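Enquirer: The structure under discussion is supplied below as structure tokens; questions concerning it will follow.
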Amino acid sequence: MRSSLKIPRHAAIIMDGNGRWAAARGLPRSAGHKAGIDALRNAVRAAADMGIEYLTIYSFSTENWSRPKTEVMFLLELLRRFIRQDVAELHASGVRIRVIGDREKLEGSIVSMLEDAEKLTRDNTKLNLVVAFNYGSRQEITRAARAIAADVAAGKVALPDVTPELLESRLDTAGMPAPDLLIRTGGEERISNFLLWQCAYAEFVFVPEFWPDFSAEIFARAVAEYGSRERRFGGLKVQSA
């Protein structure tokens with residue numbers, strides 16, 4: 001697979017369609033979320049096999065708290081179960097786990113689990129699995145801007161030194177490459193407050209399959225679509241001599 005595809009260094013995925021997948025089968029939404037965990041395992045393995053360096057997944061947004069309490073509690077329990085059951089295997093496979101998002105208002109036990117997973121896997125180099133949890137891009141950018149404003153007010157940063165590079169260094173993704181490819185499953189075509197700054201020049205691929213049906217083949221198809229595009233980053237196509 002690696003030899004036949006132009007591989008993005010960083011792929012990001014909006015994992016959409018769990019509820020609709022379950023509804024189409026007459027199942028509760030919780031069944032869709034459970035099936036989505038298997039799809040996540042498939043995606044991680046496929047990313048590592050293709051040689052992708054960073055895989056960022058949108059696991060829980062700041063807006064997801066508005067869902068019914070029973071569903072939110074189930075999603076949080078799924079996160080705990082995933083960490084308990086999968087982190088050791090991911091670690092053994094050389095996967096580094098990194099978590100982005102606002103941790104301040106999260107339950108202490110969840111924060112501890114996230115931090116333990118990051119600490120355990122921090123020296124791994126096979127794949128960076130970036131988990132966006134309690135994440136919202138507008139909120140992330142606001143936090144970064146607020147921190148810079150405080151430094152300017154305190155005289156730590158001069159106003160002319162406030163640059164895109166400085167703001168980027170204050171984002172949750174500081175030190176990571178920008179996504180080359182953003183995939184959204186489930187047939188919807190929007191990015192839903194996900195990596196707004198970072199995806200300024202990402203290639204978007206929207207696939208019709210619901211997230212629980214996401215497979216290595218669908219992933220490879222999206223990567224092939226990415227590889228067929230010409231990325232100019234605002235410039236012009238280079239004419240051959």
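Enquirer: Using the Karplus equation 6.51 cos²θ - 1.76 cosθ + 1.60 (θ = phi - 60°), what ³J(HN,Hα) coupling, rounded to whole Hz, does each residue of the stretch 98-104 give in order, writing x for Gly and Pro?
Expert: 10, 10, 10, x, 8, 9, 4
Enquirer: Classify the stretch 99-139 from the C-alpha gyration tensor, please: rounded if a/c falls under 1.5, else prolate or oblate depending on whether a/b exceeds b/c. The partial results should precede the final answer.
Expert: Working: a/c = 3.66, a/b = 1.37, b/c = 2.68.
Judged from the Cα gyration tensor, the stretch 99-139 comes out oblate (a/c at least 1.5, b/c at or above a/b).
Enquirer: Right, next: Return the calculated 222 nm mean residue ellipticity for the chain, to the nearest 500 deg cm²/dmol, obtained by summing -39500 (n - 2.57) across DSSP H runs with n ≥ 4 and dividing by the residue count.
Expert: Numbers: 7 runs with 102 residues, N = 241.
-14000 deg cm²/dmol, from helical runs alone.
Enquirer: Cα gyration tensor of the stretch 157-241, axes a ≥ b ≥ c as square roots of the eigenvalues: rounded (a/c below 1.5), prolate (a/b > b/c) or oblate?
Expert: Values: a/c = 2.84, a/b = 1.42, b/c = 1.99.
Oblate, because a/c is 1.5 or more while a/b does not exceed b/c.
Enquirer: List the trypsin sites (Lys or Arg not before Pro) in the stretch 76-125 that DSSP assigns to loop (not H, G, I, E or B) and whose Cβ has at most 16 other Cβ atoms within 10 Å. Which are they?
Expert: Details: sites: Arg80, Arg81, Arg84, Arg96, Arg98, Arg103, Lys105, Lys119, Arg122; in loops: Arg103, Lys105, Arg122.
Counting only loop positions with at most 16 other Cβ atoms within 10 Å, the trypsin sites (Lys or Arg not before Pro) in the stretch 76-125 are Arg103, Lys105, Arg122.
Enquirer: Additional query: Where the only charges are on Cβ atoms (+1 Lys, Arg; -1 Asp, Glu), what is the dipole of the chain about its Cα centre, to the nearest 20 debye? Mind showing how you got there, number by number?
Expert: Numbers: 33 positive and 31 negative charges, 35 e Å.
In debye, rounded to 20, the chain gives about 180.
Enquirer: Looking at the chain, do any whole DSSP H helices span at least 15 angstrom along their long axis by alpha carbon and average 0.5 or above on Kyte-Doolittle, and which? Can you show the working numbers first?
Expert: Numbers: long enough: 29-50 (31 Å, -0.26); 69-92 (35 Å, 0.17); 108-121 (20 Å, 0.21); 137-153 (24 Å, -0.09); 216-227 (16 Å, 0.46).
Going by DSSP H runs, there are no hits.
Enquirer: Based on the Cβ-Cβ distance of Val72 and Arg232, what FRET efficiency does E = 1/(1 + (r/R0)^6) give at R0 = 41 Å, to the nearest 0.05? Display every interim value, and only then the final one.
Expert: Numbers: r = 42 Å, r/R0 = 1.02.
For R0 = 41 Å, the calculated efficiency reads 0.45.
Enquirer: In the stretch 130-175, which trypsin sites (Lys or Arg not before Pro) fall in coil by DSSP and have 13 or fewer other Cβ atoms within 10 Å?
Expert: Working: sites: Arg138, Arg143, Arg146, Lys156, Arg170; in loops: Lys156, Arg170.
Answer by residue number: Lys156.
Enquirer: Can you list which of the GluC sites (Glu not before Pro) found in the stretch 58-105 are DSSP loop residues with at most 14 other C-beta atoms within 10 Å? Let's see the in-between values first.
Expert: Details: sites: Glu63, Glu71, Glu77, Glu89, Glu104; in loops: Glu104.
In loop regions of the stretch 58-105 (DSSP not H, G, I, E or B), the sparsely surrounded GluC sites (Glu not before Pro) are Glu104.
Enquirer: So how much slack lies between Ser109 and Arg81, counting 0.36 nm per residue of separation and subtracting their Cα-Cα distance, in nm?
Expert: Values: separation 28, 0.36 × 28 = 10.08 nm, distance 1.28 nm.
Extra length available between Ser109 and Arg81 comes to 8.8 nm.
Enquirer: Any chance you could list P(r) for the stretch 46-134, counting all Cα-Cα pairs in 10 angstrom bins from zero, rounded to whole %?
Expert: All Cα pairs considered, the percentages come to 16, 50, 27, 7.
Enquirer: Out of these labelled values of mean projected area of the Cα convex hull in nm², (1) 13.0; (2) 15.8; (3) 14.5, which was calculated from the coordinates shown here?
Expert: Matching entry in (1) 13.0; (2) 15.8; (3) 14.5: (2).
Enquirer: Describe numerically, in nm with one decimal, the distance between label points set 7 Å from Cα along Cα→Cβ at Glu188 and at Ala200.
Expert: Each label point lies 7 Å from its Cα, and together they span 2.6 nm.
Enquirer: Ranked highest first by the average count of other Cβ atoms within 10 Å around their residues, in what order do 225-232, 194-201, 210-217, 51-58 fall? Please report the intermediate quantities before stating the final value.
Expert: Details: 225-232: 12.6, 194-201: 17.6, 210-217: 19.5, 51-58: 21.2.
Going by the mean number of other Cβ atoms within 10 Å, highest first, we get 51-58, 210-217, 194-201, 225-232.
Every number in this text was worked out from the coordinates using simple rules, so none of it is lab data. Everything quoted here is computed from the prediction, not taken from an experiment. Every residue, glycine as well, gets a Cβ built from its backbone with ideal geometry; the counts of neighbours run over all protein chains shown.
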